[in-house]
Every structure is written in C-alpha cells, then in structure tokens.
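To start, the structure under review is shown below, and the notes come after it.
The values are calculated or read from the model by the stated rules, or taken from the named source; none is laboratory data. Since we're looking at a predicted model, the values are computed, not measured. Cβ sites come from the backbone with ideal geometry, for glycine too, and all protein chains shown count toward neighbours. Accessible surface is based on the protein model in full, side chains and every heavy atom, while ligands, DNA and RNA are left aside. Shrake-Rupley method; radii C 1.70, N 1.55, O 1.52, S 1.80 Å.
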Amino acid sequence: MQIRARLGAMMFLEYFIWGSWYVTLGTWLASSLHFTGQQIGLAAGTTAVGAMIAPFFVGLVADKLFATQRVLAALHLIGGALLFFASQQVAFGNIYILLLFYCLCFMPTLALTNSLAFRQMRDPKEEFGPIRVLGTAGWITGGLLVGSLRLESTARPLQLAASLSILMAIYCLTLPDTPPLAREGRFTLASVFPREAVALLRERSMAVFAIASFLICIPLQFYYAFTNLFLNEAGVQNAAGKMTGGQMSELFCMLLIPWFFRRLGVKYMLVAGMSAWVLRYVLFAYGGVGDRMWMFWLGILLHGICYDFFFVTGQIYIDRKASLALRAAAQGLITFITYGAGMFVGSWLSGAVVEHYTVLSPSGAPVHAWQSIWIFAASASAIVLVLFLITFSDKEKSPVTTIEGAGAMPIEAPL
C-alpha cells in the first residue's frame, strides 16, 4: 500500500504539471501576447515533437544507461527551469524554442512514469488502473485551480507548472530504485520499433487503422490548442475548470467500454469515437453562452467518448493484433504515428485555419470566426470517419482482450 501511494502521488504530480499549463497556453499567447493563430498552433505542437522523440530517448537513456527515477528527476528539474524562462518571454521565437526544449524533456516522462510504476508492481493488470487514475485527477485539479483563480490569460499557469516540476524532481529522487534492464547491446532504430512491429502495418486492417489514426489526430489538435481560447472569447466563465468535465466523462466512459465492446466490436467502437468528434465540433460551432450553453457542455462532455472509444479501443485492437513480445513496441509505434506525427501536422493546420478565419476589428483586436473554424474541423473529422467506415474491416473472430491488457500505451493525453 505504501508503494501504491507513492506511485499514485507520482502520477498525480505528473499530470497536474501538464494539465496546469497546456490547456490555457493558447489563451495566454492570444490574449496577452497577441500571437497569430499559426503561432499558437505551432506552440501547442511542441508536445507532438516531444512525443516523436520520446521513444528514442527512453530507449537509449532510460533502458540502457541510467536508473529511471534519476532520469525523471533530471528531466523535471531541467524542464521546470525551461518552463519558467518561457513564462518570462514575449517574443514568439524565444517562447517556441523554450517550449520545444521543455517538451523534449517532459514528454519522455509520461512513458517513464508508466515504466517505473510497472516495474514496482506485482500484478500490473490489477494495480495500474487505480494508480493511473490519479493522473487524471491531477489533470482535473490543475484545470480547476487555474480556472478558479482566473489565470487563463496570464503566464501564471506556466510558472505554477514550473514550480510543480521542481517539486516533482525532488520527489522522484525518493522513489524506489529502478535501474536499467538492458545495459547490453547497441541502441538501434530496430530496438525502438522492431521490424516485426512495423510489419504489422502490411496487414490491410492494421494499415487502415494506422492511417485513420494519423488523419483523425489532425483535427483533434483544434480541440487541444484552441478550445480554451474559444470558450473565453465566447464569454464562458472559468473555462479551464469547465473543460475538466471532459476528463470526468473520460473516467465514466472507461467503465462503459467493456459493455459497448461486446455489442459493437472494434470497428463500430472506433466509428462511435470519431462520430463524437464530428458532433463535438458541430456543437461548438452553433453553441453559445446563455440558452445555448448546453451545447458547449455537451461538446466538452463528449470527450469521454471521443478519447476512450477511439484511443482506448485502438489500444485494445493493437493488443489483439500483436504478439505478446511485440505489444509494447506496436503501442509505441501507433503513439508515434498519432500523438507525434498526426498532432504535429494538426498543430500546423489548425493554426493556419484559425489564422485564415481571423480579422482585425476597428480597434485592431483580432476577431476569430469560430463557427467557420469549428465547421472546418467537423468536416475534416467527418471525411476521415467516412473513409474509415468504408475501408476498415476486422472480421477476425478472436476473443476480446480485456481493457487492462491495453494499458501500456507509452504516451497518453488525458485532454
């Protein structure tokens, strides 16, 4: 129980850090620094670059050279300093470079905290879920705190996250020793993404799934990068706090996945997840403060279906398709394709679209045509949905894997 409590505190702090600054980043950059939509999209996309680099960093440093708890401490210490310096900047170039280097430090820690937790458990299938859920609680706490203190348009969330990173660095040094397991042998690309894992993509259903996952993560970045700014400009009070409703619905929908999985199967679970994305963007396009506020609320609460029904179901699907020895590598490969490449492209495209639908008011302040922006995101999601519905087929009659068997996805964004 003592180990579980310590690991739970680690997860809570890990996602408290991320949730306290990332959601409101676009609001600060737009409201206080008056950056363009494209600049905001690129800044939000620094996490995608970190997600692409993370598997290589973890494979080299944590797996072969140093104890995991020491790597975590060093990354959070350096990251805290970088995030604090970023909060002091006003020029886009300086902020982007500092955020980029920060994300190169932070994103590997998502996989490393999972790895350290698994190494300290007797039965990860039984023990990991209750511990990992405290990470979602940390994210929710960060959003509620920042929103209730009305810090969304300031640099304070970055400074809060920087302080928490220093605290996390100190705490990591108290965690159980977790030495590297693979000191022998050279580090190669094949050691991160084995050929056998890449070869899974030769199967038609897996290839379609991978392509659809990449494409759907492009419009997903509209939500991550711009929802908080949109809600604030729409006049929603405590937008960051209200957005934590998405994580609360995620916890609830997680409980429903086994029931729906038995009745819908892989294909229509994935279709339901993508359909929820389309509906969410439509609700944002036509919602408003007042008698249409319910549309904003529903759009936020759909996050549970958007995330769980697609990403968690995808983890289960990959867990079924890959052999036991390749499951971790296959999950890492899909993470690279989605949270890395897909969201990197999405960060550029979402920024370009927001910039395209931005005009200057007579006073010189930027005005965003949010309805057009959200309709674009909904249309892009709908195109991916239709293509997936037409091309994907998984007629394999293998038994359904339990949700616990798919919990080893290295990078997870509970947004």
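In 5 Å bins starting at zero, report the fraction of Cα pairs in segment 275-402 per bin as a rounded %. Going from the shortest bin to the longest, the percentages are 2, 9, 12, 18, 18, 14, 10, 7, 5, 3, 1, 1, 0. Among residues other than Ala239 with Cβ under 14 Å from its Cβ, the summed charge is 0 (Lys and Arg +1, Asp and Glu -1). Applied to segment 276-284, the Karplus parametrisation 6.51 cos²θ - 1.76 cosθ + 1.60 on θ = phi - 60° returns per-residue 3J(HN,Hα) values of 5, 5, 4, 4, 4, 5, 5, 4, 5 Hz, with x for Gly and Pro. Backbone geometry of segment 18-26 corresponds, through the Karplus equation with coefficients 6.51, -1.76 and 1.60 at θ = phi - 60°, to 3J(HN,Hα) couplings of 5, x, 7, 10, 6, 4, 9, 4, x Hz, x marking Gly and Pro.
Any idea what the alpha-carbon Rg over 2.2 N^0.38 Å comes to for segment 41-121?
Relative to the rule-of-thumb radius for its length, segment 41-121 sits at 1.15.
Build a GNM of the chain with springs between Cα atoms under 10 Å: which of Thr358, Thr313, Thr47 gets the top mean-square fluctuation? Ranking Thr358, Thr313, Thr47 by mean-square fluctuation puts Thr358 first. Taking GluC sites (Glu not before Pro) in DSSP loop conformation with at most 16 other Cβ atoms inside 10 Å as exposed sites, the chain has its longest uninterrupted site-free stretch at 204-395. Rg over Rh for segment 339-393 works out to 1.14, using Cα positions for both radii and the Kirkwood form for Rh. FRET efficiency for the pair Ala369 and Val289, taken as 1/(1 + (r/R0)^6) with r the Cβ-Cβ distance and R0 = 25 Å, rounds to 0.90. The per residue volume of the convex hull around the alpha-carbon atoms of the chain is 132 Å³.
Between amide H atoms placed 1.01 Å from N, distances below 5 Å from Gly288 occur with Met293, Met295, Phe296, all of them 5 or more places distant or on a separate chain. Dividing the summed helix terms, -39500 (n - 2.57) for each DSSP H run of n ≥ 4, by the number of residues in the chain produces a 222 nm estimate of -23000 deg cm²/dmol to the nearest 500. Taking label positions 7 Å along the Cα-Cβ direction at both Leu264 and Arg202, the computed distance is 3.3 nm, reported to one decimal. What the phi angles of segment 253-267 give under the Karplus curve with 6.51, -1.76 and 1.60, with θ = phi - 60°, is a coupling list of 5, 4, 5, 8, 4, x, 5, 5, 4, 5, 9, 9, x, 4, 4 Hz, glycine and proline written as x. Residue separation of Ile97 and Phe85 scaled by 0.36 nm, minus their Cα-Cα distance, works out to 3.2 nm of gained length.
The mean accessible area for residues of segment 139-287, using a 1.4 Å probe and ignoring ligands and nucleic acids, is 44 Å² per residue.
In a simple Cβ point-charge model (Lys, Arg +1; Asp, Glu -1; nothing else charged), the chain has a dipole of about 600 debye relative to its Cα centre. Its residues counted as N, segment 305-373 yields a C-alpha radius of gyration over 2.2 N^0.38 Å of 1.71.
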